Amino acid sequence: MNQDIFAPGFKAEPYWYEEAPLVVASEPSLPDAVDVAIVGSGYTGLSAALTLGRAGRSVLVLDAEDPGAGCSSRNGGMLGEILKVPYDALIGRYGKSRAIALLREGMAALDYTRYLIESEGIACHFQPVGKFVGAWRPNHYDRLARSLDFLHREIGYEAEMVPASAQNSEIGSEIYHGGRIEKRQAGLHPALYHKGLLERVTQAGVAVAGRTPVLAVTRQNGGFRVETTRRTLSATDVIVATNGYTGDATPAFRRRLIPVGSYMIATEPLAPERMARLIPKRRMIVDTKKMLYYFRPSPDGTRILFGGRAAVGELDARTAAKKIHRLMTGVYPELGDVPITHAWRGFVAMTFDQLPHIGRQDGIYFAAGYNGSGVAPSTYFGHKVALKLLGDPEGATAFDDLPFRGHPLYRRRPWFLPWLASYYRLKDRYGR
Ligand SMILES: Cc1cc2nc3c(=O)[nH]c(=O)nc-3n(C[C@H](O)[C@H](O)[C@H](O)COP(=O)(O)OP(=O)(O)OC[C@H]3O[C@@H](n4cnc5c(N)ncnc54)[C@H](O)[C@@H]3O)c2cc1C
């Protein structure tokens, strides 16, 4: 393995923090009581806070770390609109009309996020460049084409197939067997987007308290008692927006959400001609593997930002970076001697049915479980859960009432993940 892959000044933190470092925790003195306490200050929490703050509710957002330190400042910044579960599996589970309604919500999430960014004037390098989905096997290409027929017919999905013979117009690699261009999808700078949301939320009168872990949420006098490391307060309502960082403070959600590590690296700046060859149209790129790769140019088009599952749990930054670098050179062998300037990771939340969930559990509102594709869905679900809390019928979604199941053998530690990851790797290598 190449030991010299680390650039001088290598940082074990998101590349995104170069332009948008985390805002150091604001430390308002915590109130005795609020209308709504929101646990988690990522896109879900802030999107909910914006809707509630503008509706005149007193809102306190609490985060264990600095605001946004979870996934929402460190993701790939790729805005998608298709659910993890394939359309035919959705139909098998829920019937055709519910499946179509669920798929439409994916598109609505992208529309809402784009609308929010544009209407709020959030400067976050929003780039509607589309996404290329690479087919890992020839039959995956056929599967992409079949699902496109359905999606186009039933929900007006805008995409186009690219055969292997023409894929060099999309990607300077021979690793895929053609793919699909998903035209409406987009990229953004995740930390700038979070920063913009945080500013709007604060302007709406919402208090955001970082470095204030919530220890417990319990029922009290028709409302809730919210215990934090700094003080205990009461809230009429609580929204849990902790996704892949959900812990013991909210055990009912912990046993339904499975935290999985996702890792990214950034290369040194590359020559413009090279970038134009590797990702000619500056699109977002993912593939059809179980243990998928996701990569893209940096918003200024100078670097490759590459992500994947280096491990399902915690791995130190340098070890993880080497693994992701190796995955990247599998796609682009010519990047073997290109050093890495940044490497980072975060925890996404998987669910047992691979779908996001929204609603109310034991009186507590929640939205979570985006299965690794949460930039648009978390923004949308945050808004929707706030509307639900306000009693606004617009808060209804096709995801309401989907059973949100845990597993009897899973309480705290996702012991089964290493086995599942090995199975997925074998399937990617030898399966169909
Ligand atoms: C490396 C990586 C790449 C990704 N790439 C993409 C992508 O390209 N496209 C895409 O759509 N999605 C992507 N995702 C997923 C996406 O970032 C998430 O789905 C989304 O940001 C989830 O937002 P959230 O607000 O629900 O959770 P988070 O942003 O994770 O926020 C949860 C917050 O809850 C806080 N918290 C937890 N427990 C407590 C407690 N007890 N008290 C107080 N606070 C608490 C945490 O500190 C954290 O800040 C990626 C994720 C990672 C890690």
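Rounded to the nearest Hz, the phi-derived 3J(HN,Hα) couplings of region 59-71 under the Karplus curve 6.51 cos²θ - 1.76 cosθ + 1.60 (θ = phi - 60°) are 10, 10, 9, 10, 9, 5, 10, 5, x, x, 5, x, 5, where x marks glycine and proline.
Here the 3J(HN,Hα) profile of region 6-18, calculated from phi with Karplus coefficients 6.51, -1.76 and 1.60 at θ = phi - 60°, is 8, 5, x, x, 3, 10, 8, 7, x, 3, 4, 6, 4 Hz, Gly and Pro shown as x.
Relative contact order (percent) for region 10-94, with alpha-carbon contacts under 8 angstrom and 6 or more residues of separation? Don't jump to the answer; show the numbers that get you there.
Working: 64 pairs, mean separation 27.2, N = 85.
Computed value for region 10-94: 32 percent relative contact order.
Between ARG98 and LYS183, the simple spin-label model (points 7 angstrom out along Cα→Cβ) gives 3.2 nm. Region 104-181 and region 347-410 have Cα centres spaced 24 Å apart. Across region 280-285, coupling constants 3J(HN,Hα) worked out from phi with the 6.51/-1.76/1.60 Karplus curve, θ = phi - 60°, read x, 9, 6, 7, 6, 9 Hz, and Gly and Pro carry x.
In loop segments of region 174-211 as defined by DSSP, the GluC sites (Glu not before Pro) with at most 13 further C-beta atoms inside 10 Å of their C-beta are GLU174.
Long hydrophobic helices in the chain, taken as whole DSSP H segments with a C-alpha length of 24 Å or more on their own axis and mean Kyte-Doolittle hydropathy at least -0.5: 96-120. Loop-located trypsin sites (Lys or Arg not before Pro) in region 329-414 (DSSP state not H, G, I, E or B) with no more than 15 neighbouring Cβ atoms inside 10 Å: ARG405, ARG411, ARG412.
Packing, taken as the mean count of other beta carbons within 10 Å per residue, orders the peptides 225-236, 186-197 from highest to lowest as 186-197, 225-236.
Any read-out appearing in this document is the output of simple, stated calculations on the displayed coordinates, not a laboratory observation. This one's a predicted model, so the numbers in the text were calculated from it and none came from an experiment. All Cβ positions, even for glycine, are placed from backbone atoms using ideal geometry, and neighbour counts span all protein chains on display.
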